[in-house]
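Have a look at the structure below before the remarks.
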Amino acid sequence: MEMKKKILVAALVLLTVILGFLRDYIFVSINQVIKSGAGGNLSTLKWVLTFFFSFLYLLITCLFVHILFKSKKYVRIAVILYAILFAISFIAASLGYFFSSFENSYHFVRTVMGIAQSPVVAMILVSACYLETRLSAS
């Protein structure tokens, strides 16, 4: 791997770690305020931040895949995976809201969106792309 690529990958890894700590700090702080009863509109802010951080992780995942493999196909797969996570989350939240209560589906929705707000998708996708690249080369 050339030096420029190594530096970019190292910078993305560092950015991913920093983003994870920042996200955790923000959400833990918001949850403490909500639990104290002084939350107000913070629940709405949490959903906005959830989509914001998910979008940032989508961008980071696309950058990882682009830098490592230079393949539009893999970038499209990343976008599709995130779209699937958003769709599953939205459908589960809607079903819970309309047929039961949102609280019944909240933990599942939170888990799915937690995956979208983490490096898990990037780790799995980079590994899968690497494996596919190696298998198709042999």
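The values are calculated or read from the model by the stated rules, or taken from the named source; none is laboratory data. Predicted, not measured: the structure shown is a model, and the values here were computed from it. Neighbour counts run over all protein chains shown; Cβ positions are idealised from the backbone, glycine included.
Applying a threshold of 6 Å to beta carbon distances and a minimum spacing of six or more residues, or different chains, the list of pairs starting in the range 14-43 at a residue that is under 16 Å from residue 114 (Cβ atoms) and ending at one that is modelled with pLDDT of 90 or more reads 16/60; 16/119; 23/53; 30/42; 30/46. If you take the residues of the range 98-116 that are touching a residue at least 24 places away in the same chain (Cβ under 8 Å) and farther than 22 Å from residue 72 by Cα, which of them is farthest from the chain's Cα centre (by Cα)? Applying the filter and picking the extreme gives 112. Among the residues of the range 64-87, those identified as of a type in the set (A, V, I, L, M) and closer than 13 Å to residue 121 by Cβ are 65, 75, 77, 78, 79, 80, 81, 83, 84, 85. Do you know which of the residues in the range 88-128 that are under 30 Å from residue 25 (Cα atoms), hydroxyl-bearing (Ser, Thr, Tyr) and not in a helix (DSSP H, G or I) is modelled with the lowest pLDDT? Residue satisfying both the conditions and the ranking: 101. Looking for something in contact with a Cys (Cβ under 7 Å, 6 or more places away or on another chain), within 23 Å of residue 50 (Cβ to Cβ) and either touching a residue at least 60 places away in the same chain (Cβ under 8 Å) or of a type in the set (D, E, K, R) (or both) - is there at least one such residue anywhere in the range 64-76? Within the range 64-76 (the criterion being in contact with a Cys (Cβ under 7 Å, 6 or more places away or on another chain), within 23 Å of residue 50 (Cβ to Cβ) and either touching a residue at least 60 places away in the same chain (Cβ under 8 Å) or of a type in the set (D, E, K, R) (or both)), the answer is yes, since at least one residue qualifies.
Could you tell me whether residue 131 is more than 21 Å from residue 49 (Cβ to Cβ), at pLDDT 95 or above and not small (Gly, Ala, Ser)?
It is true that residue 131 is more than 21 Å from residue 49 (Cβ to Cβ), at pLDDT 95 or above and not small (Gly, Ala, Ser).
Determine which member of the set 71, 54 is under 18 Å from residue 129 (Cα atoms) and among the small types (Gly, Ala, Ser).
Result: 71 is the single residue among 71, 54 that is under 18 Å from residue 129 (Cα atoms) and among the small types (Gly, Ala, Ser).
Looking across the range 92-111, just one residue is within 18 Å of residue 55 (Cβ to Cβ) and surrounded by fewer than 19 Cβ atoms within 10 Å (Cβ to Cβ), and that is 110. Among the numbered conditions (1) part of a helix (DSSP H, G or I); (2) over 15 Å from the mean Cα position of the chain (by Cα); (3) loosely packed, with under 14 Cβ neighbours inside 10 Å, the only one that residue 37 does not meet is (1).
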